[in-house]
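Have a look at the structure below before the remarks.
No lab work stands behind these numbers, since they all come straight from the coordinates. Computed from a predicted model, the values in this text were never measured in an experiment. Counting neighbours? That spans all protein chains shown, and the Cβs are built from the backbone with ideal geometry, glycine included.
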Amino acid sequence: MKAKILFPDYTNSILNVTSTILKHYGADSIYPQIPVLEESLKVDSKHVLLVLLDGMGINIINKYLKPDDFLRKHVKKIITSVFPPTTVAATNAVLSGLPPYSSGYLGWIQYFKREKTNHVVFLDHDFYDEKRVFTGSLRDEYLKYQTIFEQIEAKRPDVKTYELFPSFRINGYSSFAKQVDYAIEITKKDETNFSYIYWTEPDMTQHDHGIDSKATKDMLVSLNKEVERLSQHVAKDTTMIVIADHGLTNVKGIDLFDNLELLSCLKRKPSIETRAATFFVKPFRKKRFRGLFNQA
């Protein structure tokens, strides 16, 4: 079956979720708001929780959750991701209110011309040569933006903001359940606040086992129970928004590094993402490259 190409809709995407939240707090955004979310935020929104479950596409929600299960039952709108639909690009779109081509966060590996490096931006090392040493962070030097937290606090100093991340961040959480516990506490505080909760699942499980696996089903069922628990215990004047950064689908990998003739058309090794690779093609080899690529 031929794959269906789905383009991002920057009037109806994760980017517009952020735009709607920013408008709610009086901050500016050039991107349209999502009406159903606008209406929800008008009612009892002293505490706003934005929960992002990595890789939780509508395809696995419909595949593994029953119609009465919490997440599926409360789907308000199906929206798109951004392009590239990958964690680095998509989560930074949510946190900046900018599409990847504006934030500069395009993917896991990005080519920096001055330093001549295919750089892993989150880890600050060369993807193809981890022994290379860089003075300072290229991410900090080139890719800084004003976060959603900074934009909210600039317009509404009375609003307290929180970021809840996994343990790969300092003071991060070892489980989604522990994030839920603290998010519940936040909504009981006598203050107006906005919280962003990011968790790495079900993305990691799908990458390891595929979308058709029992492991993926079990993970989604577990996440559904925790989100339902969160909804049951937050303060009444709380609006809870649950999104994914992107979805996943099963693919069959093609090892481009085995194709020496195709590689001979390139000026340097590929970058960005395996799902949306960037190729730096030599002058006068573009036609040949296109033919070899489509053939492979």
| remark: The ³J(HN,Hα) series, computed from each phi in the range 97-102 with the Karplus coefficients 6.51, -1.76 and 1.60 at θ = phi - 60°, rounded to the nearest Hz and given as x for glycine or proline, is x, 10, x, x, 5, 9
| task | For every helix of n ≥ 4 consecutive DSSP H residues, a contribution of -39,500 (n - 2.57) applies; sum these over the chain, divide by its total residues, and give [θ] at 222 nm rounded to the nearest 500 deg cm²/dmol. | result | -10000 deg cm²/dmol
| Using a cut-off of 23 Å between alpha-carbon atoms, which lysines can reach LYS144, once sequence neighbours fewer than 8 places away in the same chain are excluded? | LYS23, LYS113, LYS116, LYS155, LYS160
| Amide H within-cut-off set for ILE211, under 5 Å, with H built and near neighbours excluded | ASN250
| Per-residue ³J(HN,Hα) for the range 257-263, Karplus 6.51 cos²θ - 1.76 cosθ + 1.60, θ = phi - 60°, Hz, x for Gly and Pro | 6, 7, 9, 5, 5, 5, 5
| request: Past 31 Å, Cα to Cα, is the threshold; run LYS217/LYS267; LYS131/LYS214; LYS46/LYS73; LYS46/LYS214; LYS76/LYS189 against it and keep the listed order. | output: LYS217/LYS267; LYS131/LYS214; LYS46/LYS214
| query | To the nearest 0.05, what FRET efficiency results for LEU266 and SER137 with a Förster distance of 35 Å applied to their C-beta separation? | reply | 0.80
| task | For the chain, set up a Gaussian network in which alpha carbons nearer than 10 Å are linked by springs, and say which option among VAL242, VAL36, VAL133 fluctuates the most. | result | VAL133
| message | For a quick check: with amide H placed at 1.01 Å from N, whose amide H comes under 5 Å from MET240's, ignoring anything fewer than 5 positions away on the same chain? | response | LEU49
| query | Loop-only check: which trypsin sites (Lys or Arg not before Pro) in the range 1-55 are DSSP coil with at most 14 other Cβ within 10 angstrom? | reply | LYS2, LYS4, LYS42
| task | Mind listing the long-range amide H neighbours of HIS119? Cut-off is under 5 Å, sequence gap 5 or more, other chains count too, H placed in the peptide plane at 1.01 Å from N. | result | GLN110, TYR111, PHE112, PHE127
| Within the range 89-165, which GluC sites (Glu not before Pro) sit in a loop by DSSP and count at most 14 neighbouring Cβ atoms inside 10 Å? | GLU115, GLU130
| said: Under 10 Å, Cα contacts only: if you run a Gaussian network model on the chain, which one of ASN118, ASN224, ASN171 comes out with the highest mean-square fluctuation? | reply: ASN171
| Among all the aspartates and glutamates, which ones have a C-alpha under 15 Å from LYS225's C-alpha, if same-chain residues fewer than 8 places away are not counted? | ASP68, ASP69, ASP181, GLU201
| Counting other Cβ atoms within 10 Å, which chymotrypsin sites (Phe, Trp or Tyr not before Pro) in the range 164-214 have at most 14 and lie in a DSSP loop? | PHE168
